[in-house]
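Structure record follows, encoded as structure tokens.
The values are calculated or read from the model by the stated rules, or taken from the named source; none is laboratory data. Only a predicted model underlies this, so the values are computations on that prediction, with no experimental measurement involved. Don't worry about glycine lacking a Cβ; one is built from the backbone with ideal geometry, like all the others, and counts go over all protein chains shown.
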Amino acid sequence: MEINDLKIPKSDITLSKKVKIFDTTLRDGEQAPGIALTTDEKIQIAQKLDNLGINTIEYGFPAVSEGERKSAKLINDLGLNANICGLARVLKNDIDALLDCDLSYMHTFIGTSPLHRDFKLKMSKEEIVDKASSAIEYAKDHGITVEFSAEDSTRTELDYLIDVYKAVEDAGADLINVPDTVGVLVPTTSRKLISNLKNELSLPISVHFHNDFGLAVANSLVAIESGAEQAHVTVNGIGERGGNASLEELVVTLKVAYGLDLDIDTTQLYNLSDFVSRVTGIKMPPNKPIVGENAFAHESGIHVHGVLENAATYEPIAPELVGHTRKIALGKHTGANALKAKLAEYDIKMDEEQFCTVYDQVKGLGDKGKSITDADLKAIAITVLGKAKEEAVKLIGLSVSSGSGKTVSPTATVKLMINGKEKETSSIGVGPVDAALNAIQTLVKGTTNIQLEEYHIEAITGGTDALAEVFVITSDEENNKATGRATREDVIMASVDAVLNSINKILMIKEAK
Ligand SMILES: CC(C)[C@@](O)(CC(=O)O)C(=O)O
């Protein structure tokens, strides 16, 4: 017996076994403000959609421009398995433009709601039915497949909508598409509408749902449960306003939760999403389901612990199913397990004390609201590994002031504990780092005479709050040399730490002699 049977109750629903996926990334997706794809980009996306196994690709709108017609021809010439569909109004010119491109699949539409009839089209109910029917008859005379949309169908009187669709069936259409043009459906009304249409119509039903209330995928699933045979989607859910139903969310849910085999290679989804996001410039939020950067990322100690034992504890599906990767992120919630796993991944070995130091530093940065990248962690760990065990010289306090012009010089006051004794001095320098290093040199003079041989600084990740990694080489009067390294958020602190780190190593070398 199932522990908790949440499987879709197949007996309750009319689930079409052959749900088809119609992708309109290149048409409705491209209609989103700010997106304009070149022919080359359209070709590449079409190719990728075909590799995935999409049934129909709505490539664009031939009547719109010469460029659109050129794209149609080039995409048609690729000889893809998918149907290549073009959009057309119920106008002879639009249909001719589509036929000129040798397309054999047409998606045609006209508004049917009172809003569209009275304000946009200024046509009567009868005129609309006539226009739709004659356009379909004209297209069918040319032997192409016709999918018909009653635009704004979800705000159209149901009896009139049924009349329109019946007339369209009589005119010879092949598929009825139901657009929720402004995304006003909720699951209950989606079920009601599609069940009603299913009872009245004999052609296969397709849905084209917008995402204004964030329900496009949910409403599409309910429509499919109610007998719809096809869903329109876009990659990343891009489209006008809140977008369309998202390809990746719908396909993965149908496969995993509904157990429907759509013949779609879901392992290509992440790559496709990434490609579309780059060429359209529409970035996905990290929490975008399925394809977002955090879709398979774990940070909290409790979650990471679970995931390291068995990823299914905190993942509904394996990232491999969609071509994504699992990430263990480091930050405030990081637990010791995650950190150990990360260090093992980089083959960095350390003892318990060193590990605790790294752990404290990661937690400290996390508490300040930072996320720690892999590069940050490596730098921190290597710094800790390079620290002398017994430190003869320790920093007690530091204060610097920067300055410019002739009136003030950059000054640093440094307080060190040297072999158990506190010492303090102030020095000036060309800048605060130089001033601090001069002060250190002065303070340790009685113990060792330090020269700075090399100094490198690097910001590990971008931003003014990036971790700074400072690398130094110092030498003493006996020409003993030692490297020093430190990774801190503060450039001056990192410089001071790196120098003290190398001085302590020199003192160790001296003692060992
Ligand atoms: C053509 C139709 C399905 C449409 O995409 C029309 C559109 O807004 O372009 C819609 O969402 O209603």
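List the pairs whose first member sits in the range 130-147 and is surrounded by fewer than 16 Cβ atoms within 10 Å (Cβ to Cβ), whose second member is in a helix (DSSP H, G or I), and whose Cβ atoms are under 9 Å apart, counting only residues at least 6 apart or on separate chains?
These pairs meet every condition: ASP130/ALA167; SER134/LYS92; SER134/ALA171; GLU137/ALA171; HIS142/ILE95; HIS142/LEU99.
Mind checking which residues of the range 266-312 are over 30 Å from ILE224 (Cβ atoms) and either free of Cβ contacts under 8 Å to residues at least 12 places away in the same chain or in a helix (DSSP H, G or I) (or both)?
ARG278, GLY301, ILE302, HIS303, VAL304, HIS305, GLY306, VAL307, LEU308, GLU309, ASN310
Would you be able to say whether some residue in the range 135-147 is farther than 21 Å from CYS85 by Cα, among the aromatic types (Phe, Trp, Tyr) and either more than 16 Å from the ligand (Cβ to nearest atom) or not in a loop (DSSP other than H, G, I, E, B) (or both)?
No, there is no match, as no residue in the range 135-147 is farther than 21 Å from CYS85 by Cα, among the aromatic types (Phe, Trp, Tyr) and either more than 16 Å from the ligand (Cβ to nearest atom) or not in a loop (DSSP other than H, G, I, E, B) (or both).
Would you call THR154 part of a helix (DSSP H, G or I) and more than 15 Å from the ligand (Cβ to nearest atom)?
Considered against the rule, which asks whether it is part of a helix (DSSP H, G or I) and more than 15 Å from the ligand (Cβ to nearest atom), THR154 comes out as no.
Can you name every one of the strands (runs of 3 or more DSSP E) wholly within the range 415-489 that holds 2 or more residues which are more than 49 Å from the chain's Cα centre (by Cα)?
Qualifying strands (runs of 3 or more DSSP E): 421-428.
Could you list, in sequence order, all residues of the range 315-347 that are part of a helix (DSSP H, G or I) and either modelled with pLDDT of 95 or more or among the charged types (D, E, K, R) (or both)?
If the condition is that a residue be part of a helix (DSSP H, G or I) and either modelled with pLDDT of 95 or more or among the charged types (D, E, K, R) (or both), then PRO319, GLU320, LEU321, VAL322, LYS340, LYS342, GLU345 are the ones that fit.
On the basis of being over 27 Å from ALA329 (Cα atoms) and either in contact with a Cys (Cβ under 6 Å, 6 or more places away or on another chain) or among the charged types (D, E, K, R) (or both), does ARG278 make the cut?
So ARG278 does not fit the description; no.
Being assigned to a strand (DSSP E or B) and closer than 30 Å to GLU511 by Cβ is the filter here, so list the residues in the range 377-414 that pass it.
Scanning the range 377-414 gives VAL393, LYS394, LEU395, ILE396, GLY397, LEU398, ALA412, THR413, VAL414.
If you go through the range 281-294 one residue at a time, do you hit one that is among the small types (Gly, Ala, Ser), more than 16 Å from the ligand (Cβ to nearest atom), buried (at least 17 other Cβ atoms within 10 Å of the Cβ) and closer than 20 Å to ASP28 by Cα?
No, there is no match, as no residue in the range 281-294 is among the small types (Gly, Ala, Ser), more than 16 Å from the ligand (Cβ to nearest atom), buried (at least 17 other Cβ atoms within 10 Å of the Cβ) and closer than 20 Å to ASP28 by Cα.
Report, ordered by the first and then the second residue, all pairs with beta carbons closer than 8 Å, sequence separation of six or more or different chains, a first member in the range 24-36 that is on the phi > 0 side of the Ramachandran plot, and a second member that is more than 8 Å from the ligand (Cβ to nearest atom) and not in a helix (DSSP H, G or I).
Cβ pairs passing all conditions: GLY34/GLY281; GLY34/ILE282.
Would you kindly identify the strands (runs of 3 or more DSSP E) lying entirely within the range 163-265 that contain at least 3 residues that are closer than 21 Å to GLN31 by Cα, within 16 Å of the ligand (Cβ to nearest atom) and not small (Gly, Ala, Ser)?
The qualifying strands (runs of 3 or more DSSP E) are 175-180, 205-209.
Which of the residues that make up the range 53-70 are among the hydroxyl-bearing types (Ser, Thr, Tyr), buried (at least 20 other Cβ atoms within 10 Å of the Cβ) and out of contact with any Ser or Thr (no Cβ under 7 Å at 6 or more places or on another chain)?
Passing the criteria: only THR56.
Can you tell me which of (1) over 27 Å from GLY227 (Cβ atoms); (2) touching a Gly at 6+ places or on another chain (Cβ under 8 Å); (3) at pLDDT 95 or above is the one GLY34 doesn't meet?
For GLY34, the exception is condition (3).
Within the range 131-176, which residues are polar (S, T, N, Q) and under 19 Å from ARG89 (Cβ atoms)?
SER133, SER134, THR145, SER149, SER153, THR156
With (1) outside any helix (DSSP H, G or I); (2) touching a residue at least 40 places away in the same chain (Cβ under 8 Å) as the list, and LEU49 as the residue in question, which single condition is left unmet?
All conditions pass for LEU49, except number (1).
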